[in-house]
Structures are given as structure tokens and as C-alpha cells.
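Okay, so here's the structure we're looking at.
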Amino acid sequence: MKFTSVVTLLSAFALPAFAESVFVVQNANYSNPNTSLSTVTCSVLAQDYTNFSSLPAFPNIGGIPGVNANPTLCGSCWSLTPAPPCSSLTTLYFTVVGDNSNDLINAVQSVDANITIYDISQQAYGNLTHASCKVDAVYAEATQVDASMCGM
């Protein structure tokens, strides 16, 4: 009986976490705090928020693949844990506001279609990396987490 209670209690705190290795780049389009949410893929967020800076997670916002096909990803929260050479930092949490279908991402994916790319604001990218990590892109483990981790 006690064993069942412990297992039940522990499972209540467990989230189904499936980490995916992704390539993270910065995207200046997510950096302007005054950008209206009605201009991004996740314009449905404009019902509750007016612009990027009104989002609880700003400046930690960005885009992931598949949002156009699955709009339920709008407003979802993701954790990014960087891999070497930028692995000395903690996890960054960001809110999805768009589908990352910009030209840079399309160009990279045309070279290797197996690369999954997430793009985040310049400020979020700076929060993910650190001063000694001078790279334009970083590999990270990405996991969808509860939206409350991003203040939603």
C-alpha cells in the first residue's frame, strides 16, 4: 500500500519529457518589444497580450518548426539546455510565438534536412549563451514543459 502511494505521488510530479537535440539560432524579428502579436504565426495570443513585451517570458520568445501545422503549440513553453561549448549555463525557458520559417533556417535545412532549428530573440540567445561562448548558433536539448515555467 505504501509503495503504491509513493509511486502515485512521484508520478504526479513527472512530466512526459522527451528531449530533442536542436540547433538554436538568434532571430532579430523576435527582439523588438513593441512588435504586435497580431503579426506573428501565433496571432491568437493577441487575445490576451498586445505585443512581445507584454508576454510574461519576454525576451525569451521564439519560433519552432510545425506551428503552422499545429497551432496548439502557440504559447507553449520550451526548455533549452545548451551543449558544449556553451554548456556551463542553466536551462533557458522560452515561449513559442511563431513558426521558424525564415530564410536563414530554410537555407540551413536545405543543406541538411535532418537538422531541427529553433530560433529565439537576440536577448534570449544571449541568455542561453555566455560571454566566453562566441558562436552564432548552438546545439541544445529542447523539451516542452508546462506553460507555467514561462509564466503563462
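Taking the DSSP bridge list for the range 18-150 and keeping only pairs wholly inside it, about 70 percent are antiparallel. Peptides 119-127, 25-33 ranked from most to least packed, by the mean per-residue count of other Cβ atoms within 10 Å: 119-127, 25-33. Between Val135 and Met152, the modelled labels are 2.7 nm apart [label points 7 Å from Cα along Cα→Cβ].
Spin-label model, Thr81 to Gln122: label points 7 Å out along the Cα-to-beta-carbon direction sit 3.0 nm apart. Rounded to whole numbers, the Karplus 3J(HN,Hα) couplings from phi for the range 64-71 are 9, x, x, 5, 4, 7, 9, x Hz, using 6.51 cos²θ - 1.76 cosθ + 1.60 with θ = phi - 60°, and x at Gly and Pro.
Placing a label point 7 Å from the Cα of Gln47 along the Cα-to-Cβ direction, the residues of the range 137-152 whose backbone N falls under 18 Å of that point are 147-148, 152.
Coordinate-derived values only; no laboratory data. Computed from a predicted model, the values in this text were never measured in an experiment. Here the Cβ is made from the backbone with ideal geometry for all residues, glycine too, and neighbour counts use every protein chain on show.
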